[in-house]
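Before anything else, here's the structure in question.
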Amino acid sequence: MDWNGLKIFIAVAHNRTLVAAAASLDTSHSTVYRRLNEFEAQVGRLFERLNGIYELTELGEEMLIHAQRITHSFNDIERHIAGKDTQLKGIVRITAPTSFSYNYLPDHLLRLKELYPNIQVELIVTNDELNMSNRLADIAIRVTTSPPEHLVGREIRRIKWGAYASTEYISKHGKPTCLKDVKNHRLIGATGTLRSHRTFSWLDNNYALNIDHRSDDFIAMSIFAEKGLGLAFLPDELARKGIKRLFTFENERDNQLWILTHPDLRKIERIKVVMRYLATALAES
(Lines give C-alpha, C1' and ligand atoms only; values in the text may rest on other atoms or scores of the structure.)
Protein backbone atom coordinates (compact mmCIF):
# COMPACT_ATOMS: atom_id res chain seq x y z
CA MET A 1 0.00 0.00 0.00
CA ASP A 2 1.13 3.56 -0.71
CA TRP A 3 2.53 4.81 2.63
CA ASN A 4 2.53 8.46 1.54
CA GLY A 5 -1.06 8.15 0.40
CA LEU A 6 -1.96 6.65 3.77
CA LYS A 7 -0.42 9.60 5.59
CA ILE A 8 -2.34 12.01 3.36
CA PHE A 9 -5.57 10.12 4.06
CA ILE A 10 -5.05 10.27 7.84
CA ALA A 11 -4.22 13.98 7.74
CA VAL A 12 -7.38 14.79 5.76
CA ALA A 13 -9.50 12.57 8.03
CA HIS A 14 -8.24 14.39 11.12
CA ASN A 15 -8.32 17.94 9.72
CA ARG A 16 -11.36 17.61 7.43
CA THR A 17 -10.08 20.16 4.88
CA LEU A 18 -7.25 19.98 2.36
CA VAL A 19 -5.77 23.29 3.50
CA ALA A 20 -5.54 22.21 7.15
CA ALA A 21 -4.22 18.78 6.17
CA ALA A 22 -1.54 20.36 3.99
CA ALA A 23 -0.48 22.66 6.84
CA SER A 24 -0.19 19.73 9.26
CA LEU A 25 2.03 17.88 6.78
CA ASP A 26 4.02 20.99 5.81
CA THR A 27 3.22 20.48 2.13
CA SER A 28 1.09 22.14 -0.53
CA HIS A 29 -2.68 22.01 -1.00
CA SER A 30 -2.20 20.73 -4.56
CA THR A 31 0.04 17.87 -3.41
CA VAL A 32 -2.54 16.72 -0.85
CA TYR A 33 -5.29 16.93 -3.48
CA ARG A 34 -3.31 14.93 -6.04
CA ARG A 35 -2.05 12.26 -3.61
CA LEU A 36 -5.49 11.77 -2.08
CA ASN A 37 -7.08 11.26 -5.49
CA GLU A 38 -4.37 8.74 -6.41
CA PHE A 39 -4.89 6.89 -3.13
CA GLU A 40 -8.67 6.74 -3.58
CA ALA A 41 -8.15 5.41 -7.09
CA GLN A 42 -6.30 2.47 -5.51
CA VAL A 43 -8.60 1.67 -2.56
CA GLY A 44 -12.00 3.24 -3.25
CA ARG A 45 -13.94 6.38 -2.29
CA LEU A 46 -12.92 7.39 1.23
CA PHE A 47 -14.53 10.84 1.53
CA GLU A 48 -17.67 12.73 0.67
CA ARG A 49 -16.88 16.33 -0.33
CA LEU A 50 -19.35 18.84 1.08
CA ASN A 51 -18.52 22.53 0.49
CA GLY A 52 -14.83 21.90 0.98
CA ILE A 53 -15.34 19.72 4.09
CA TYR A 54 -14.20 16.12 3.78
CA GLU A 55 -16.45 13.61 5.59
CA LEU A 56 -15.45 9.95 5.82
CA THR A 57 -17.50 7.40 3.92
CA GLU A 58 -18.23 4.02 5.50
CA LEU A 59 -15.15 2.65 3.73
CA GLY A 60 -13.18 5.63 5.00
CA GLU A 61 -14.22 4.95 8.61
CA GLU A 62 -12.99 1.36 8.30
CA MET A 63 -9.78 2.47 6.60
CA LEU A 64 -9.04 5.02 9.34
CA ILE A 65 -9.12 2.36 12.07
CA HIS A 66 -6.57 0.20 10.25
CA ALA A 67 -4.50 3.18 9.10
CA GLN A 68 -4.06 4.48 12.65
CA ARG A 69 -2.85 1.07 13.81
CA ILE A 70 -0.29 1.00 11.01
CA THR A 71 0.81 4.57 11.78
CA HIS A 72 1.29 3.80 15.47
CA SER A 73 3.46 0.81 14.55
CA PHE A 74 5.64 2.92 12.25
CA ASN A 75 5.94 5.64 14.90
CA ASP A 76 7.02 3.06 17.48
CA ILE A 77 9.70 1.75 15.12
CA GLU A 78 10.89 5.27 14.27
CA ARG A 79 11.19 6.29 17.93
CA HIS A 80 12.96 3.03 18.82
CA ILE A 81 15.52 3.56 16.06
CA ALA A 82 15.88 7.24 16.92
CA GLY A 83 16.56 6.27 20.53
CA LYS A 84 19.82 4.64 19.39
CA ASP A 85 21.09 7.95 17.95
CA THR A 86 24.17 9.09 19.87
CA GLN A 87 25.35 11.90 17.60
CA LEU A 88 25.25 15.56 18.60
CA LYS A 89 23.81 16.72 15.30
CA GLY A 90 20.46 16.95 13.60
CA ILE A 91 17.11 18.61 14.25
CA VAL A 92 15.55 19.07 17.69
CA ARG A 93 11.96 20.33 17.68
CA ILE A 94 10.99 22.36 20.75
CA THR A 95 7.49 23.53 21.60
CA ALA A 96 7.09 26.34 24.11
CA PRO A 97 4.48 28.96 25.09
CA THR A 98 4.71 32.48 23.72
CA SER A 99 6.16 34.02 26.88
CA PHE A 100 9.25 31.81 26.89
CA SER A 101 9.55 31.74 23.10
CA TYR A 102 9.72 35.54 22.94
CA ASN A 103 11.45 36.53 26.18
CA TYR A 104 13.92 33.76 27.02
CA LEU A 105 14.58 31.13 24.38
CA PRO A 106 16.25 33.31 21.69
CA ASP A 107 19.20 34.16 23.96
CA HIS A 108 19.47 30.61 25.24
CA LEU A 109 19.33 29.16 21.73
CA LEU A 110 22.11 31.50 20.62
CA ARG A 111 24.34 30.09 23.36
CA LEU A 112 23.23 26.54 22.53
CA LYS A 113 24.31 27.05 18.91
CA GLU A 114 27.74 28.16 20.09
CA LEU A 115 28.10 25.02 22.21
CA TYR A 116 26.61 22.56 19.71
CA PRO A 117 26.87 24.03 16.18
CA ASN A 118 25.57 20.87 14.47
CA ILE A 119 22.26 20.82 16.34
CA GLN A 120 19.43 22.58 14.48
CA VAL A 121 16.49 23.82 16.53
CA GLU A 122 12.94 24.19 15.25
CA LEU A 123 10.74 26.20 17.64
CA ILE A 124 6.97 25.63 17.62
CA VAL A 125 5.27 28.46 19.52
CA THR A 126 2.05 27.19 21.08
CA ASN A 127 0.41 26.38 24.38
CA ASP A 128 -1.42 23.46 22.78
CA GLU A 129 -0.35 19.89 23.49
CA LEU A 130 1.36 18.41 20.44
CA ASN A 131 1.53 14.73 19.53
CA MET A 132 5.08 13.82 20.55
CA SER A 133 4.53 10.19 19.62
CA ASN A 134 4.84 11.08 15.93
CA ARG A 135 7.67 13.59 16.48
CA LEU A 136 5.69 16.79 15.95
CA ALA A 137 7.91 17.94 18.82
CA ASP A 138 10.83 16.37 20.68
CA ILE A 139 10.89 18.63 23.73
CA ALA A 140 7.98 20.46 25.37
CA ILE A 141 8.44 23.42 27.70
CA ARG A 142 5.19 23.84 29.58
CA VAL A 143 3.73 25.83 32.47
CA THR A 144 1.44 23.34 34.18
CA THR A 145 0.56 21.79 37.52
CA SER A 146 -0.18 18.41 35.93
CA PRO A 147 2.10 17.41 33.04
CA PRO A 148 0.78 14.64 30.75
CA GLU A 149 1.39 11.18 32.21
CA HIS A 150 2.68 9.80 28.90
CA LEU A 151 5.63 12.24 28.93
CA VAL A 152 8.74 12.26 31.11
CA GLY A 153 10.83 15.14 32.40
CA ARG A 154 11.16 17.33 35.44
CA GLU A 155 9.98 20.51 37.03
CA ILE A 156 12.52 23.26 36.38
CA ARG A 157 11.29 25.90 38.82
CA ARG A 158 8.32 27.68 40.32
CA ILE A 159 7.10 30.98 38.90
CA LYS A 160 5.41 33.53 41.14
CA TRP A 161 2.86 36.16 40.14
CA GLY A 162 3.35 39.88 40.57
CA ALA A 163 1.73 43.25 39.97
CA TYR A 164 3.47 45.24 37.22
CA ALA A 165 3.32 48.81 35.95
CA SER A 166 5.35 51.17 33.78
CA THR A 167 7.64 53.86 35.19
CA GLU A 168 5.42 56.46 33.53
CA TYR A 169 2.31 55.10 35.24
CA ILE A 170 4.06 55.01 38.63
CA SER A 171 5.26 58.61 38.28
CA LYS A 172 1.71 59.78 37.51
CA HIS A 173 -0.33 57.64 39.91
CA GLY A 174 2.05 56.51 42.63
CA LYS A 175 3.55 53.12 43.42
CA PRO A 176 1.29 50.54 45.11
CA THR A 177 3.24 48.32 47.50
CA CYS A 178 0.59 45.78 48.50
CA LEU A 179 -2.76 44.42 47.42
CA LYS A 180 -4.83 46.84 49.52
CA ASP A 181 -3.40 49.74 47.47
CA VAL A 182 -4.99 48.37 44.28
CA LYS A 183 -8.29 50.08 45.01
CA ASN A 184 -6.70 53.40 44.11
CA HIS A 185 -5.39 52.30 40.67
CA ARG A 186 -6.54 51.46 37.17
CA LEU A 187 -6.29 47.74 36.40
CA ILE A 188 -5.88 45.57 33.33
CA GLY A 189 -8.34 42.69 33.36
CA ALA A 190 -9.04 39.61 31.28
CA THR A 191 -11.59 38.68 28.67
CA GLY A 192 -12.43 35.49 26.77
CA THR A 193 -11.44 32.18 28.33
CA LEU A 194 -8.74 33.89 30.43
CA ARG A 195 -11.46 35.72 32.36
CA SER A 196 -12.30 32.52 34.27
CA HIS A 197 -8.71 32.23 35.50
CA ARG A 198 -8.49 32.42 39.28
CA THR A 199 -6.56 35.71 39.31
CA PHE A 200 -8.88 37.57 36.96
CA SER A 201 -12.12 36.26 38.39
CA TRP A 202 -10.84 37.57 41.75
CA LEU A 203 -10.13 40.97 40.19
CA ASP A 204 -13.61 41.04 38.64
CA ASN A 205 -15.21 40.13 41.96
CA ASN A 206 -13.30 42.75 43.94
CA TYR A 207 -12.22 45.55 41.61
CA ALA A 208 -14.37 45.39 38.48
CA LEU A 209 -14.92 49.17 38.50
CA ASN A 210 -11.15 49.75 38.36
CA ILE A 211 -10.75 47.78 35.11
CA ASP A 212 -10.65 49.93 31.97
CA HIS A 213 -8.83 47.59 29.57
CA ARG A 214 -8.97 43.84 29.05
CA SER A 215 -7.24 41.19 26.93
CA ASP A 216 -7.29 37.43 26.50
CA ASP A 217 -3.49 37.31 26.13
CA PHE A 218 -0.80 37.75 28.80
CA ILE A 219 1.71 39.37 26.45
CA ALA A 220 -0.88 41.92 25.35
CA MET A 221 -1.55 42.67 29.03
CA SER A 222 2.15 43.25 29.64
CA ILE A 223 2.26 45.65 26.67
CA PHE A 224 -0.83 47.48 27.99
CA ALA A 225 1.01 47.93 31.28
CA GLU A 226 4.13 49.11 29.45
CA LYS A 227 2.03 51.76 27.69
CA GLY A 228 0.73 53.02 31.04
CA LEU A 229 -2.85 51.76 30.82
CA GLY A 230 -2.84 50.38 34.36
CA LEU A 231 -1.53 47.65 36.64
CA ALA A 232 -1.20 44.15 35.18
CA PHE A 233 -1.16 40.98 37.25
CA LEU A 234 1.19 38.57 35.51
CA PRO A 235 3.31 35.45 36.00
CA ASP A 236 6.88 36.63 36.46
CA GLU A 237 8.05 35.11 33.17
CA LEU A 238 5.99 37.83 31.45
CA ALA A 239 8.15 40.61 32.89
CA ARG A 240 9.30 43.11 30.26
CA LYS A 241 12.01 45.75 30.28
CA GLY A 242 9.35 48.46 30.16
CA ILE A 243 7.49 47.43 33.32
CA LYS A 244 8.47 47.17 36.97
CA ARG A 245 7.46 44.53 39.47
CA LEU A 246 5.59 46.20 42.33
CA PHE A 247 4.76 43.36 44.72
CA THR A 248 4.01 39.63 44.81
CA PHE A 249 0.40 38.67 44.16
CA GLU A 250 -0.11 36.24 47.05
CA ASN A 251 -3.65 35.28 45.99
CA GLU A 252 -2.25 33.21 43.10
CA ARG A 253 -0.41 29.92 43.57
CA ASP A 254 2.97 29.54 41.90
CA ASN A 255 3.14 28.25 38.33
CA GLN A 256 5.27 25.18 37.65
CA LEU A 257 7.67 25.20 34.71
CA TRP A 258 8.35 21.74 33.23
CA ILE A 259 10.58 20.38 30.49
CA LEU A 260 9.22 17.17 28.95
CA THR A 261 9.81 14.60 26.23
CA HIS A 262 8.51 11.23 25.07
CA PRO A 263 10.06 8.25 26.95
CA ASP A 264 11.37 6.79 23.68
CA LEU A 265 13.23 10.01 22.85
CA ARG A 266 15.01 10.79 26.10
CA LYS A 267 18.04 8.66 25.24
CA ILE A 268 18.72 10.43 21.93
CA GLU A 269 21.93 12.26 22.67
CA ARG A 270 21.07 15.58 21.01
CA ILE A 271 17.66 15.70 22.74
CA LYS A 272 19.18 14.75 26.08
CA VAL A 273 21.84 17.47 25.74
CA VAL A 274 19.32 20.17 24.72
CA MET A 275 16.98 19.24 27.58
CA ARG A 276 19.80 19.41 30.11
CA TYR A 277 21.03 22.74 28.74
CA LEU A 278 17.55 24.35 28.67
CA ALA A 279 16.65 23.05 32.12
CA THR A 280 19.72 24.73 33.59
CA ALA A 281 19.33 27.93 31.57
CA LEU A 282 15.64 28.40 32.32
CA ALA A 283 16.11 27.60 36.00
CA GLU A 284 18.50 30.54 36.20
CA SER A 285 16.50 32.97 34.02
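The values are calculated or read from the model by the stated rules, or taken from the named source; none is laboratory data. Quantities reported herein were computed from a predicted structural model and do not represent experimental measurements. With ideal geometry, Cβ positions are generated from the backbone for all residues, glycine too; neighbour counts draw on all protein chains shown.
Go through segment 116-173 and tell me which strands (runs of 3 or more DSSP E), entirely inside it, have 1 or more residues that are of a type in the set (Phe, Trp, Tyr). Can you show your working first?
Details: elements: 119-125, 139-143, 152-159, 161-165.
Result: 161-165.
For segment 100-109, does any single residue satisfy the condition of being touching a Ser or Thr at 6+ places or on another chain (Cβ under 7 Å) and either in the same structural domain as VAL274 (by TED's automatic domain parsing) or under 20 Å from PHE218 (Cα atoms) (or both)? I'd like the intermediate steps shown before the answer.
We begin by selecting, within segment 100-109, every residue touching a Ser or Thr at 6+ places or on another chain (Cβ under 7 Å); these are 104.
Remaining after also requiring either in the same structural domain as VAL274 (by TED's automatic domain parsing) or under 20 Å from PHE218 (Cα atoms) (or both): 104.
Within segment 100-109, one or more residues are touching a Ser or Thr at 6+ places or on another chain (Cβ under 7 Å) and either in the same structural domain as VAL274 (by TED's automatic domain parsing) or under 20 Å from PHE218 (Cα atoms) (or both).
Condition check ((1) free of Cβ contacts under 8 Å to residues at least 12 places away in the same chain; (2) buried (at least 17 other Cβ atoms within 10 Å of the Cβ)) across all residues:
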residue	(1), (2)
SER196	yes, no
ASN205	yes, no
GLU226	no, yes
ALA232	no, yes
ARG240	no, yes
LEU246	no, yes
LYS267	no, no
LEU278	no, yes
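Right, next: Checking THR199 against (1) modelled with pLDDT under 95; (2) more than 22 Å from TYR169 (Cβ to Cβ); (3) in a helix (DSSP H, G or I), which test does it fail?
It is condition (2) that THR199 fails.
Which of the residues spanning segment 20-50 are over 21 Å from ARG135 (Cα atoms), under 31 Å from the mean Cα position of the chain (by Cα) and surrounded by fewer than 14 Cβ atoms within 10 Å (Cβ to Cβ)? It would help to see each step written out before you state the result.
Looking only at segment 20-50, we keep the residues that are over 21 Å from ARG135 (Cα atoms), and these are 29-31, 33-50.
Applying the additional criterion that residues be under 31 Å from the mean Cα position of the chain (by Cα) yields 29-31, 33, 35-36.
If the condition is that a residue be over 21 Å from ARG135 (Cα atoms), under 31 Å from the mean Cα position of the chain (by Cα) and surrounded by fewer than 14 Cβ atoms within 10 Å (Cβ to Cβ), then SER30 is the only one that fits.
Take segment 218-239 and flag every residue that is in contact with a strand residue (DSSP E or B) (Cβ under 9 Å, 6 or more places away or on another chain) and in a loop (DSSP other than H, G, I, E, B).
Matches in segment 218-239: GLY228, LEU229, GLY230, ALA239.
Each row is one residue, and each column tells you yes or no for (1) touching a Phe, Trp or Tyr at 6+ places or on another chain (Cβ under 9 Å); (2) of a type outside the set (D, E, K, R).
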{"site": "SER24", "(1), (2)": "no, yes"}
{"site": "HIS29", "(1), (2)": "no, yes"}
{"site": "ASN37", "(1), (2)": "no, yes"}
{"site": "GLU40", "(1), (2)": "yes, no"}
{"site": "LEU46", "(1), (2)": "yes, yes"}
{"site": "GLY52", "(1), (2)": "no, yes"}
{"site": "THR57", "(1), (2)": "yes, yes"}
{"site": "LEU64", "(1), (2)": "yes, yes"}
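May I ask you to say which residue of GLY242, GLY189 is in contact with a helix residue (DSSP H, G or I) (Cβ under 7 Å, 6 or more places away or on another chain), assigned to a loop (DSSP other than H, G, I, E, B) and outside the structural domain of ALA96 (by TED's automatic domain parsing)?
Values: GLY189 fails: assigned to a loop (DSSP other than H, G, I, E, B).
After ruling out the rest, the residue left standing is GLY242.
Let me ask something additional. Filter segment 262-285 down to the residues that are closer than 21 Å to SER146 by Cα and in contact with a helix residue (DSSP H, G or I) (Cβ under 6 Å, 6 or more places away or on another chain) and list them by number.
ASP264, LEU265
Follow-up. I'd like the full set of residues that are of a type outside the set (Val, Ile, Thr), touching an Asp or Glu at 6+ places or on another chain (Cβ under 8 Å) and assigned to a strand (DSSP E or B), limited to segment 256-279.
GLN256, LEU257, TRP258
Okay, next question. Would you mind telling me which numbered condition in (1) modelled with pLDDT under 90; (2) touching a strand residue (DSSP E or B) at 6+ places or on another chain (Cβ under 8 Å) HIS185 fails?
Against the list (1) modelled with pLDDT under 90; (2) touching a strand residue (DSSP E or B) at 6+ places or on another chain (Cβ under 8 Å), HIS185 comes up short only on (1).
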